There are 2 protein chains.
Amino acid sequence: MTAYEIITRKRDGKQLSDSEIEFMINGFVTNRIPKYQMSAFLMAIFFNGMNFHELNHLTNVFLNSGKRIDLSHLKNKKIDKHSTGGVGDKVSIILAPLVAAAGVYVPMISGRGLGHTGGTLDKLQSIPGFKTNYSIKEFTDQMSKIGVCLAGQTDELVPADKKIYALRDVTATVPSIPLITASIMSKKLAEGIDGLVLDIKVGKGAFLTEISAAKRLAYTLIEVGEKNGVETVAYLTDMSNPLGNTVGNWIEILECIDCLQGKVSGPLKDVTLQLAGAMLFLAQKAESIQAGVEQCKILLENGTAWQKFLDIVSVQGGDIGYLEHPEKYPKAKFQKDYYAQNDGWIHGINALDVGLAAVELGAGRQKVNDRIDPVAGISLHANRGAPTKKGEPIFTIFTNRKHSLDGVYTRLQNAIDIKDDQPAASKDIIQYFDKSCLA
Amino acid sequence: MTAYEIITRKRDGKQLSDSEIEFMINGFVTNRIPKYQMSAFLMAIFFNGMNFHELNHLTNVFLNSGKRIDLSHLKNKKIDKHSTGGVGDKVSIILAPLVAAAGVYVPMISGRGLGHTGGTLDKLQSIPGFKTNYSIKEFTDQMSKIGVCLAGQTDELVPADKKIYALRDVTATVPSIPLITASIMSKKLAEGIDGLVLDIKVGKGAFLTEISAAKRLAYTLIEVGEKNGVETVAYLTDMSNPLGNTVGNWIEILECIDCLQGKVSGPLKDVTLQLAGAMLFLAQKAESIQAGVEQCKILLENGTAWQKFLDIVSVQGGDIGYLEHPEKYPKAKFQKDYYAQNDGWIHGINALDVGLAAVELGAGRQKVNDRIDPVAGISLHANRGAPTKKGEPIFTIFTNRKHSLDGVYTRLQNAIDIKDDQPAASKDIIQYFDKSCLA
């Protein structure tokens, strides 16, 4: 068995055996197989795909490349949520304390932003002192202590995914269902969870722009989850427009605070409650998803979720002074407003353009090692479906990069589609899937 | 412009611009683009191909990565032949002196064997002292002196192809028409030739097993040749069975000597004469290909070609004593004969199996740096279409690797298909193409 033969077989559309998959992945992790062979192999998978048996085995080979978190000493259910990534997608930051406040264990390992989508870890790290770099022991200890942890991937967990993802990211082999599945599910299985709620973003600002592809991914993720003993459900949610009214890092934390304090309504709240409700249902804390949603509404309104968030931030080393007094936080040096030129209605705000604009302002990374500016970002004073009045502000840009102001201003101006007539209603939550879709 | 974007565009089936192709190839040659991005790019080309404009530009970017041989001071036509590689394909070694004997300049840059196919250079180097490592200046000087040179690719010529071929060879991206075309034609254009005769092998022992693919390659090579001012014709020839009756290195030189001395008949002689005749026609030394074939028959029969071969070997530092007295050459330590078990007819000898058997005996390379044993090889006492008589020898194996004897014996036994009835006649020369195929 050689890497050359295995690449050739996948190139020619053959099904790989378990041992061939192990040979490639383990060989790459231990540096016996060079990057240039792995990238050719990944591109062959991009074109020829993998059947369920292959991709499920790939997931398990990833999983077995590292350690697993053992939370079996915790008697309640451990449930996580995973999003495929979007613009303004701050759901995890609201949902984790909310669901934990309902008595569900939430062991959440999140990622960083790359490309035009933001990352939960980067947003959390805009809170001064907030720590996301955990060992498995520290992670487990915090789970025992407060029932929830918001951390990044450690080197101990799924090293194969970490190494292969870095290569996919520079070789245009990210958007492949088997590779996405193995990457997501190996990390989720390593968390030691009982249930998983997936938020599969679809639309201009998501990496999947077509509902058909998002559905295929949903089926595959659910099948791998169920096959490996994790009850898995998936929502397809809209990412044509940014989620909520902020895009950036600290600015998104501010919106999370508002939401946790019950001050926000609209798609961000709706999507968060739906996903949270499903988590409560999977945890057997609610008789139905809708009952879970109702419970979570109360926890947002009565301050319990907000209090849990403060607990998390404290335990993870963050300075809650900034959460309680956001006015203390440093300000961006430059800001610029855009005002509506006419009365009308917002028919859409191109999420991809907004995401790219945020990166330009300093809120995201163009390269893996770029530093993120926590105060850079965009405030949208209205979103799709809202009426506009001439002279009212539509968006405000915040940045420390003066040179980016004009370009981003023009880009955003073009990203916002204002028309005279009221747009048709759109669905934020497009579709729900559970294991019954596999039948 | 980034490598990532260009890989993505080719992955998504887009046509690349000239500057994108230059960015990738020149960036790789100068080490600005890493191997792992180039191999993903090559695999994307394998799947999505390139249109004529792209692949012609790719060829020229390869060509312009190095120097070109300038033979414009030689007043007669410069014509080369190129084979896509086969088992027992020793045509170049007979054809180069033969065509040069007819007064045509033959600047021939050949390759080494890899995989199951042998290489002209390895065969020539089995002649003690024979030198194939030439600078452009040395090559040009020899062309002026004797009108023919049989050399290997120097570092000065088409370094882009050299570097990319090494990567293709280990990433399963060799069998791609645009990549093959750029590789072959850039090297041939760098030779400073006026005309080119292509021998596209097709069948079990060739890398193209389907006639349809071989035809597509023929069209593409001819179109690139003509576009770049080189009159190009192509033959599809059969590589289901080994060409001639020997496979190895020194053993093939022995068959070449016999052929150059007019002692051989059959497919090897027929294919060589046909290709040589076409070269004379392209050089305007014959009024038709057939007239060229007739001239070449005479040059084989009257000893002129043989004398030219001795001249080449002398000038290139080879010891002609071994050519005139082959009995002086070292012998393989082990040999084994196979005798026919029944009367019958040979319906076929699987060329791929024979090629792989030769590698096992030591006549080829499994890895780039493997050493070749010049005396290892296989003698076929009969080939497809011949009658067999019980007890007559069918093949003899020669090797210094005792442990390989039994395995190769069994492999060859199974590779030879003997039946009771006489097989239908087969065509060694399957089809001819010239620029009229582009109309």
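Give the residue list of trypsin sites (Lys or Arg not before Pro) in region B:1-86 that are DSSP loop and have at most 14 other beta-carbon atoms within 10 angstrom. Could the numbers behind the result be given before it?
Values: sites: B:Arg9, B:Lys10, B:Arg11, B:Lys14, B:Arg32, B:Lys35, B:Lys67, B:Arg68, B:Lys75, B:Lys77, B:Lys78, B:Lys81; in loops: B:Lys14, B:Arg32, B:Arg68, B:Lys75, B:Lys77.
Counting only loop positions with at most 14 other Cβ atoms within 10 Å, the trypsin sites (Lys or Arg not before Pro) in region B:1-86 are B:Lys14, B:Arg32, B:Lys75.
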### Task
Could you provide, to the nearest whole Å², the per residue accessible area of region B:29-104 with probe 1.4 Å?
33
### Message
Just to verify a number: FRET efficiency for B:Lys263 and B:Asn76, C-beta to C-beta distance, R0 = 22 Å, to 0.05?
### Response
0.15
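Over region A:131-280, consider all pairs of different Cα atoms and compute the Kirkwood hydrodynamic radius from their mean reciprocal separation; express it in Å, one decimal. Numbers along the way, then the final one.
Details: mean 1/r = 0.0580 Å⁻¹.
Value: 17.3 Å, from the Cα pair sum.
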### Message
Can you give me the distance in nm between label points at A:Asn342 and A:His53, each placed 7 Å from the Cα along the Cα-to-Cβ direction?
### Response
6.1
### Message
Which positions within region B:12-59 get 40 Å² or more of their accessible surface covered by the other protein chains, compared to the chain by itself, with a 1.4 angstrom probe?
### Response
B:Tyr36, B:Ala40, B:Met43, B:Phe47
### Query
To one decimal place, what Kirkwood hydrodynamic radius in Å is obtained for region A:97-166 from all pairs of distinct Cα atoms?
13.2
### Query
Separation of region B:303-339 and region B:401-439 by C-alpha centroid, Å?
26
### Task
In debye, nearest 20, what is the charge dipole magnitude of region A:1-150 about its Cα centre with +1 on Lys and Arg Cβ and -1 on Asp and Glu Cβ, if you could check?
340
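Tell me, what is the percent relative contact order of region B:273-370, built from C-alpha pairs under 8 Å that lie six or more residues apart? Mind showing how you got there, number by number?
Numbers: 47 pairs, mean separation 11.8, N = 98.
With pairs under 8 Å counted, the relative contact order is 12 percent.
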### Query
Based on the alpha carbon coordinates of chain A, what radius of gyration and maximum Cα-Cα distance (Dmax) apply, in Å?
21.5, 69
### Carbon/sulfur fraction of accessible area - chain A, other protein chains in place, 1.4 Å, %
48
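Run the numbers for A:Ala425 and A:Arg32: contour at 0.36 nm per residue of separation, minus the present Cα-Cα distance, in nm.
Residue separation times 0.36 nm, minus the Cα-Cα distance, leaves 136.0 nm.
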### Message
Kirkwood Rh and Cα-based Rg: tell me the resulting Rg over Rh for region B:1-135, rounded to two decimals.
### Response
1.06
### Message
Can you compute the radius of gyration and Dmax for region A:144-216, using only the Cα atoms, both in Å?
### Response
14.3, 42
### Query
Considering only the label points, 7 Å along Cα→Cβ from Cα, what distances in nm to one decimal separate B:Lys331 from the same position in each other copy, shortest first?
9.9
### Query
Between B:Glu226 and A:Glu226, how many nm apart are label points set 7 Å from Cα along the C-beta direction?
5.9
### Summary
If R0 = 51 Å, then B:Asp155 and A:Thr410, at their Cβ-Cβ distance, give a FRET efficiency to the nearest 0.05 of 0.55
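If the viscosity is 0.692 mPa s and the temperature 37 °C, what Stokes-Einstein diffusion coefficient in µm²/s follows for region B:311-384 when Rh is the Kirkwood radius over Cα pairs? Before the final figure, lay out the partial values.
Details: Rh = 15.3 Å.
The calculation lands on 214 µm²/s.
How high is the relative contact order of region A:303-439, in percent, with contacts defined as C-alpha pairs under 8 Å that are six or more residues apart?
Numbers: 200 pairs, mean separation 43.7, N = 137.
About 32 percent, as a whole number.
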### Query
What number, rounded to the nearest 500 deg cm²/dmol, is the helix-based mean residue ellipticity at 222 nm of chain B, given -39500 (n - 2.57) per DSSP H run of at least four residues and division by all its residues?
-13500 deg cm²/dmol
### Task
Evaluate the charge dipole of region B:223-379 about its Cα centre and quote only its size in Debye, nearest 20, assuming +1 on the Cβ of each Lys and Arg and -1 on the Cβ of each Asp and Glu.
400
### Size of region B:341-416 as Cα extents on the principal axes (Å, biggest first)
43, 21, 18
### Task
State to the nearest 20 debye the size of the charge dipole of the protein assembly as shown about its Cα centre, where the only charges are +1 on K and R beta carbons and -1 on D and E beta carbons.
1060
### Task
Identify all lysines with a Cα-Cα distance to B:Lys285 below 17 Å; exclude those on the same chain that are fewer than 8 residues away in sequence.
B:Lys75, B:Lys77, B:Lys78, B:Lys81, B:Lys297
## Note on the structure
Note: B:Ala439 to B:Arg68 extended length (0.36 nm per residue) minus current alpha-carbon separation gives 130.6 nm
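Taking 0.36 nm per residue of sequence separation and subtracting the Cα-Cα distance, how much length would be gained by fully extending the chain between B:Ser144 and B:Tyr432, in nm to one decimal? Kindly include the intermediate steps, with their values, before the conclusion.
Details: separation 288, 0.36 × 288 = 103.68 nm, distance 3.16 nm.
Full extension from B:Ser144 to B:Tyr432 adds 100.5 nm.
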### Message
Nearest 5 percent is fine: what portion of the DSSP beta bridges confined to chain B is antiparallel?
### Response
55
### Summary
With bins of 20 Å, the percent of all Cα-Cα pairs of the protein assembly as shown per bin from 0 is 14, 36, 25, 19, 7, 0
#### Entry: Within chain B, longest stretch free of exposed GluC sites (Glu not before Pro) [DSSP loop, at most 15 other beta carbons within 10 Å]
B:1-209
### Summary
Beyond 22 Å, the calculated P(r) of region B:54-128 holds a percent of Cα-Cα pairs equal to 41
### Query
Out of A:Val104, A:Gly118, A:Gly85, whose Cα points farthest toward the positive end of the dipole of region A:66-155 (charges: +1 Lys, Arg; -1 Asp, Glu; placed on Cβ)?
A:Val104
## Note on the structure
The rounded separation in angstrom of the Cα centers of region A:244-295 and region B:179-245 is 64
### Task
Pick out, from B:Thr232, B:Leu179, B:Leu221, the residue whose Cα sits farthest towards the positive end of the charge dipole of region B:176-237, with +1 on the Cβ of Lys and Arg and -1 on the Cβ of Asp and Glu.
B:Leu179
### Query
What shape does region B:298-439 have by the C-alpha gyration tensor, where a ≥ b ≥ c are the square roots of the eigenvalues, rounded means a/c under 1.5, and otherwise prolate means a/b greater than b/c and oblate the rest?
oblate
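Only Cα pairs under 8 Å and at least 6 apart count here; give the relative contact order of chain A as a rounded whole percent. Walk me through the numbers on the way to the answer.
Numbers: 928 pairs, mean separation 83.2, N = 439.
Worked out over chain A, it gives 19 percent.
Enter the buried accessible area of the B/A pair, total of both sides, probe 1.4 Å, in Å² rounded to the nearest 100. Walk me through the numbers on the way to the answer.
Numbers: alone 18030 and 18040 Å², together 34280 Å².
For chain B against chain A, roughly 1800 Å² becomes buried.
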### Query
Put the label 7 Å from Cα along Cα→Cβ for A:Asp370; what are its distances to the other copies, in nanometres, shortest first?
4.8
### Message
At 7 angstrom along the Cα-to-beta-carbon line, where would the label on A:Ser288 sit relative to the other copies? Give the distances in nm, shortest first.
### Response
8.9
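The values are calculated or read from the model by the stated rules, or taken from the named source; none is laboratory data. None of the values given here were measured: they were computed from a predicted structure. Counting neighbours? That spans all protein chains shown, and the Cβs are built from the backbone with ideal geometry, glycine included. Ligands, DNA and RNA are stripped out before the accessible areas are found, and what is left, the full protein with its side chains, is counted by its heavy atoms. Shrake-Rupley method; radii C 1.70, N 1.55, O 1.52, S 1.80 Å.
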